[in-house]
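Heads up, the thing below is written out as structure tokens.
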């Protein structure tokens with residue numbers, strides 16, 4: 001059964017704050033093979049005008065995807081997560097994520113459409129710091145594959 005179009009525009013409550021740590025940033029930078037010293041060396045980051053180390057651009061995916069779990073697990077939406085694949089990811093930054101940030105995410109269903117029997121849903125995550133300042137907007141595209149016939 002296709003996803004209900006009336007869910008477009010529905011927002012979910014903000015997540016509890018996630019505290020960004022230097023070690024998490026370093027681990028992520030190493031995992032993705034990015035040796036930029038601004039990700040691991042506070043002095044290198046300060047030389048670039050940042051108060052502390054900054055995170056690679058895709059670091060926030062894990063935070064945003066965890067927040068999108070509220071959408072995915074909404075029983076009224078009726079999404080069969082066993083049929084979902086990650087289709088795309090976009091980021092629009094106001095500023096870099098920094099060590100020491102406490103970030104909360106508000107997820108909103110941006111769009112739902114059907115194509116070739118598949119449901120395609122975009123979930124926007126507005127990520128803000130503790131003071132309420134915008135840090136980054138993410139768009140996670142989820143594709144719920146059509147059920148196999150037979």
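Going residue by residue through segment 101-108, is there one that turns out to be over 29 Å from residue 3 (Cβ atoms) and either assigned to a loop (DSSP other than H, G, I, E, B) or in contact with a helix residue (DSSP H, G or I) (Cβ under 9 Å, 6 or more places away or on another chain) (or both)? First the steps, then the outcome.
Start the filter on segment 101-108 by keeping residues that are over 29 Å from residue 3 (Cβ atoms), which leaves 101-102.
Add one more test, that the residue is either assigned to a loop (DSSP other than H, G, I, E, B) or in contact with a helix residue (DSSP H, G or I) (Cβ under 9 Å, 6 or more places away or on another chain) (or both), and what stays is 101.
Yes, that holds for at least one residue.
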Problem set entry | Residues of segment 1-35 classified as more than 22 Å from the chain's Cα centre (by Cα) and without any contact (Cβ under 8 Å) to a residue 40 or more places away in the chain, total | 2
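Being in contact with a helix residue (DSSP H, G or I) (Cβ under 9 Å, 6 or more places away or on another chain) and assigned to a loop (DSSP other than H, G, I, E, B) is the filter; apply it to segment 48-64 and report the residue that is nearest to residue 144 (Cα to Cα).
Initial filter on segment 48-64 (in contact with a helix residue (DSSP H, G or I) (Cβ under 9 Å, 6 or more places away or on another chain)): 48, 50-56, 58-59, 62.
The next check asks that each one be assigned to a loop (DSSP other than H, G, I, E, B); those that pass are 48, 50-53, 55-56.
Working: 48: 42, 50: 40, 51: 41, 52: 40, 53: 37, 55: 30, 56: 29 Å.
Per the criteria, the residue is 56.
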Exercise. Taking segment 6-26 as the search range and keeping residues that are surrounded by fewer than 12 Cβ atoms within 10 Å (Cβ to Cβ) and in a helix (DSSP H, G or I), which one is modelled with the highest pLDDT?
Worked result: 23
Exercise. If residue 57 passes every condition in (1) free of Cβ contacts under 8 Å to residues at least 24 places away in the same chain; (2) under 12 Å from the mean Cα position of the chain (by Cα) but one, which one does it miss?
Worked result: (1)
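Do you know which of the residues in segment 70-92 that are out of contact with any helix residue (DSSP H, G or I) (no Cβ under 7 Å at 6 or more places or on another chain) and part of a strand (DSSP E or B) is farthest from residue 24 (Cα to Cα)?
Taking the candidates together, the pick is 84.
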For this session: Specify which of the listed residues (38, 44, 67) is touching a strand residue (DSSP E or B) at 6+ places or on another chain (Cβ under 7 Å), in a helix (DSSP H, G or I) and free of Cβ contacts under 8 Å to residues at least 24 places away in the same chain.
Result: 38
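Just checking, which of 100, 117, 49 is more than 18 Å from the chain's Cα centre (by Cα), surrounded by fewer than 18 Cβ atoms within 10 Å (Cβ to Cβ), in contact (Cβ under 8 Å) with a residue 24 or more places away in the chain and farther than 19 Å from residue 17 by Cβ? Outline the logic, then answer.
Working: 100 fails: farther than 19 Å from residue 17 by Cβ; 49 fails: in contact (Cβ under 8 Å) with a residue 24 or more places away in the chain.
Testing whether each residue is more than 18 Å from the chain's Cα centre (by Cα), surrounded by fewer than 18 Cβ atoms within 10 Å (Cβ to Cβ), in contact (Cβ under 8 Å) with a residue 24 or more places away in the chain and farther than 19 Å from residue 17 by Cβ leaves just 117.
The values are calculated or read from the model by the stated rules, or taken from the named source; none is laboratory data. For clarity, every value in this text was computed on a predicted model and none was experimentally measured. Glycine gets a Cβ as well: all are built from the backbone with ideal geometry, and neighbour counts include every protein chain shown.
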